[in-house]
Amino acid sequence: MNHPLLSLRPTVMALIAASLTALPLCANDETPVIKKNDYFFRHKEQPVRIESLSGTSALASSKFTINNLAGRQLHAGKDTVTYFKVSPACYSYATITRNKKGVGALTFLSLSESDLKLANFDRKHLGNPLSLAYTPDGRGVTVATDKGLVNLDSRKFKMLTASGTVKFNPSVMVYSPNGYYIAMISGSKVALYNVESDKIRKTWNFDANITDVNFSPDSRDIGILTDDGLLEIYDTRSLSIKTTGGRPRIRLQRFRQIRGRGHGPG
């Protein structure tokens with residue numbers, strides 16, 4: 001598929017680490033007073049992913065560890081961290097790892113104490129975990145497996161529903177703010193999944209791998225960014241590209257911050 005696109009500067013996807021501090025963990029905490037050099041933190045390993053919890057805090061992962069930005073280790077193991085997500089309630093986070101044999105595992109961990117395990121995902125019965133996304137209210141979490149989608153309660157970690165109708169193996173998943181849709185990335189493809197109907201409403205195929213995808217705060221638009229630095233914006237109702245005079249209409253101010261996730265696909 002050829003893009004009628006506009007070029008974007010590489011800074012669109014730049015990480016915001018320089019503006020972040022290690023605490024507080026949640027958006028409603030008090031913002032600390034930032035002194036000179038308070039926002040420089042040394043890490044033993046180079047972060048490859050970052051997950052923002054609020055405007056003033058974040059977690060970062062390297063190959064085997066997950067840390068806050070001050071370098072405090074929350075998780076460490078022998079298996080490679082391939083994906084992780086923090087609950088919107090700031091109660092816990094989920095991490096997907098792969099061992100040397102390529103076997104995946106999904107673990108839910110507490111944010112309050114290092115490597116405090118809350119639950120394991122039942123891979124044997126539910127499938128190999130690929131990626132996940134928390135619902136906007138933080139009450140649920142949707143896990144993509146090689147068998148389909150599984151919805152869990154994010155507090156008790158018990159299965160609510162499961163669906164094997166979605167034949168798409170996403171490496172990244174993003175909920176729309178209204179909870180109606182999930183955008184899924186797999187290489188150079190993006191699927192828009194309708195949560196209520198349990199069907200993929202639209203699949204886009206691009207000439208380049210997808211770098212990121214996100215929704216506008218009102219969920220009316222979805223932005224798809226490819227690794228050649230170009231962005232397309234589509235209307236989530238009509239699924240048509242938003243154009244003005246035949247050119248894509250780029251309205252970045254309407255979008256939430258587009259985060260660099262360093263995926264091979266979240």
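The values are calculated or read from the model by the stated rules, or taken from the named source; none is laboratory data. In this text the structure is predicted, and so the values were computed from the model without any measurement. Glycine also receives a Cβ, built like all others from the backbone with ideal geometry; neighbour counts cover every protein chain displayed. Ligands, DNA and RNA are excluded from the accessible area calculation, which covers all protein heavy atoms including side chains. Shrake-Rupley method; radii C 1.70, N 1.55, O 1.52, S 1.80 Å.
Over segment 63-175, what is the relative contact order in percent, taking alpha-carbon pairs closer than 8 angstrom and at least six residues apart?
16 percent
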Query - Shape call, segment 81-165: gyration tensor on alpha carbons, a/c limit 1.5 - result: oblate
Report task. Go ahead and run the numbers for FRET between residue 70 and residue 101, Cβ-Cβ distance against an R0 of 25 Å, rounding to 0.05. Result -> 0.15
Report task. Could you give me the radius of gyration and the Dmax of segment 139-226, taking only the C-alpha atoms into account and expressing both in angstrom? Result -> 12.9, 41
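Cα-Cα over 21 Å: which of 78/147; 78/101; 156/199; 100/124; 63/85?
78/147; 156/199
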Report task. Run through all the Cα pairs of segment 143-192 and give the fraction in each 10 Å bin from 0, expressed as whole percent. Result -> 24, 53, 21, 1
Query - Förster radius 22 Å - calculated FRET efficiency between residue 197 and residue 159, Cβ distance, rounded to 0.05 - result: 0.65
**Report entry** segment 111-152: C-alpha gyration tensor shape, a/c 1.5 cut-off, then a/b vs b/c
**Finding:** oblate
Query raised in the report: Considering only the other residues whose Cβ falls under 15 Å of the Cβ of residue 156, what net charge follows from Lys and Arg at +1 and Asp and Glu at -1?
Result: +2
**Report entry** Carbon + sulfur, % of accessible area of segment 91-152 - ligands and nucleic acids excluded, 1.4 Å
**Finding:** 47 percent
